[in-house]
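Enquirer: Encoded as structure tokens, here's the structure I'll be asking about.
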Amino acid sequence: MSTTRHPTDQTLSGYVDKYFLRTKECVQRFGDKRVTYAVFMRRPVTCAPRLAVEWIRAMAAARGVEFEIELTHREGAWVGAGEPILYITGSLYHLVDLETQYLQKLGAACVAAYNAYTMCVELPDTAFLAMDARHCAGTEMAEIMAYGASVGSEKAKKKVGARGFIGNASDATAHYFGQARGFGTMPHALIGYAGSTLRAAEMFHETHPSENLTVLVDYFGQEITDALAVCRRFPEIAAAGRLSIRLDTHGGRHIEGLDMAESYKVLDRNAPEAIRGYRSEAELKSLIGTGVSAAAIWHAREQLDYAGFPDVNIVASSGFGPEKCRVMALAKAPVDVIGTGSYLPERWSETYATADIIDYDGAARVKIGREFLLREVAR
């Protein structure tokens, strides 16, 4: 079995739903027809069809045939549930075995684009880094997710002037964000190896002196102490705005210097409107709970400013999906960059794209219940 990320015409059959292959054999025996497929999603999404369309065109070229592909929405547009995203017209014999693959490339990308757009719109002044690769089921999924995030980001930039996604964590998909390489400095493993947060920062700077320095500060549970130690060790880098601290505190504890009561006080000083009125349990956790809460970000900002490091940036990570970003916006959290892979679809069933044939040799025909897919002129 081939292990290529994108099946070719020669290897495709091993990855195709069997009933499509058997249908292809029937069509070969009883005669081809020119058909039109309507491809749609069951939930609202942001249109991200490029990977699917490019693959369909590549397969047409490999087979020496032509398909007519009509996009009903431009890339980045909102698409309602049940609205066809594209129509594909051509030989049934050459189209029937392509459905499995192009649906894989379409649905998840559209949902990721929708989520990324929502996140960027909620926090338009915050930059985002795509850090989804470690959560993906293989390299093809990582490409689909990076592409989807880039589509949502570009839409947010155009709609509201958001900063959006400025890059990602791996070189192979950096081009989707207009970059030549991935971004990132250190994982927790480097801090464990070094034995202290400060020593890890020194090692990184000695090895990569021209790189900006982003330091994880939660390893030893001393986020503020370790952040200030790094700032004092590298005052010139800090003053130049090239030093960032990254908050990645796990959800089992508050960051150094906070508990529930202190979290309330921090928000009351900086964003009192965020904690007044009804808040759901999930919202309260993102505001004043354990882990990387809005209060934690405000607390870190206060401590950095008080110590004389106003130009040190704050990078936050850990569960920053659409809902958490909305809560951060309510609290006006002073986060400069968010590293996240949480635009990945939370429920995979929502990513299921569907294709139905709606025309056979000019005769409009579709299964009962899918009449909404028929073109207006055929109804």
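Enquirer: Taking the alpha-carbon centroid of each part, what is the distance from segment 172-221 to segment 304-343 in angstrom?
Expert: Here the two parts' Cα centres lie 18 Å apart.
Enquirer: Sticking with this structure for a sec: Give the dimensionless ratio obtained when the Cα radius of gyration of segment 56-188 is divided by 2.2 N^0.38 Å.
Expert: Segment 56-188 yields a ratio of 1.18.
Enquirer: Lysines near LYS285 by alpha-carbon distance under 26 Å, same-chain residues fewer than 8 away left out - which ones?
Expert: LYS265, LYS324, LYS332
Enquirer: Moving to a separate point now. For segment 290-356, divide the Cα radius of gyration by the Kirkwood radius and give the resulting Rg/Rh value with two decimals.
Expert: My calculation of the ratio gives 1.18.
Enquirer: With +1 on each Lys and Arg Cβ and -1 on each Asp and Glu Cβ, how big is the dipole of segment 66-178 about its Cα centre, in debye rounded to the nearest 20? Kindly include the intermediate steps, with their values, before the conclusion.
Expert: On the way: 8 positive and 14 negative charges, 111 e Å.
Dipole about the Cα centre, nearest 20: 540 debye.
Enquirer: Could you work out the equivalent-ellipsoid semi-axes for segment 169-319, taking the square root of 5 times each eigenvalue of the Cα gyration tensor, largest first, in whole Å?
Expert: Semi-axis lengths for segment 169-319 are 28, 18, 15 Å.
Enquirer: Further, regarding this structure: Name the residue from ALA172, LEU330, LEU374 whose Cα lies farthest towards the positive end of the charge dipole of the chain, charges +1 on Cβ of Lys and Arg and -1 on Cβ of Asp and Glu.
Expert: Selected residue: LEU374.
Enquirer: To the nearest 10 degrees, how steeply does helix 99-122 sit against the main Cα axis of the chain, on a 0 to 90 scale?
Expert: Result, in degrees: 30.
Enquirer: Given +1 on the Cβ of Lys and Arg, -1 on the Cβ of Asp and Glu, and no further charges, what dipole in debye does the chain carry about its Cα centre, rounded to the nearest 20? Walk me through the intermediate numbers first.
Expert: On the way: 42 positive and 46 negative charges, 160 e Å.
Result for the chain is approximately 780 debye, rounded to the nearest 20.
Enquirer: In addition: If each Cα of segment 230-379 is one equal point scatterer, what is log10 of I(q)/I(0) from the Debye formula at q = 0.09, 0.11, 0.15 Å⁻¹?
Expert: Values returned for q = 0.09, 0.11, 0.15 Å⁻¹ are -0.45, -0.55, -0.78.
Enquirer: Also, quick follow-up: Express the carbon and sulfur contribution to the solvent-accessible surface of the chain as a percent, rounded to the nearest whole number, probe 1.4 angstrom. Please report the intermediate quantities before stating the final value.
Expert: Working: 9020 of 17670 Å².
Carbon and sulfur atoms account for 51 percent of the accessible area of the chain.
Enquirer: How big, in percent, is the set of alpha carbon pairs in the chain lying more than 32 Å apart?
Expert: Here the tail beyond 32 Å accounts for 43 percent of pairs.
Enquirer: What range in the chain is the longest one free of chymotrypsin sites (Phe, Trp or Tyr not before Pro) that are in a loop by DSSP and have at most 16 other Cβ atoms within 10 angstrom? Please report the intermediate quantities before stating the final value.
Expert: On the way: sites that count: PHE220, TYR278, TYR352.
Maximal segment without exposed cleavage sites: 1-219.
Enquirer: Quick one: ranking ASP125, ASP17 by accessible area, 1.4 Å probe, largest first, what do you get?
Expert: ASP125, ASP17
Enquirer: Taking Cα pairs under 8 Å and at least six residues apart, what relative contact order does the chain come out at, in percent?
Expert: Averaging sequence separation for qualifying contacts and normalising by length gives 19 percent for the chain.
Enquirer: Taking a probe of 1.4 Å, how large is the accessible area per residue of segment 114-206, in Å²?
Expert: Per residue, segment 114-206 has 44 Å² of solvent-accessible surface.
Enquirer: Taking the full set of protein chains and a 1.4 angstrom probe, give the accessible area of ARG246 in square angstrom, rounded to the nearest 10.
Expert: 40
Enquirer: If the convex hull of the alpha-carbon atoms of segment 50-103 is projected onto planes in all directions, what is the mean projected area in square nanometres?
Expert: Approximately 3.9 nm², given one-decimal rounding.
Enquirer: How big is the Rg/Rh ratio for segment 1-55, C-alpha atoms only, Rh by Kirkwood, two decimals?
Expert: 1.03
The values are calculated or read from the model by the stated rules, or taken from the named source; none is laboratory data. Quick caveat, the model's predicted, so the values are computed rather than measured. Counting neighbours? That spans all protein chains shown, and the Cβs are built from the backbone with ideal geometry, glycine included. What goes into the accessible areas is simple: the full protein's heavy atoms, side chains included, and nothing from ligands, DNA or RNA. Shrake-Rupley method; radii C 1.70, N 1.55, O 1.52, S 1.80 Å.
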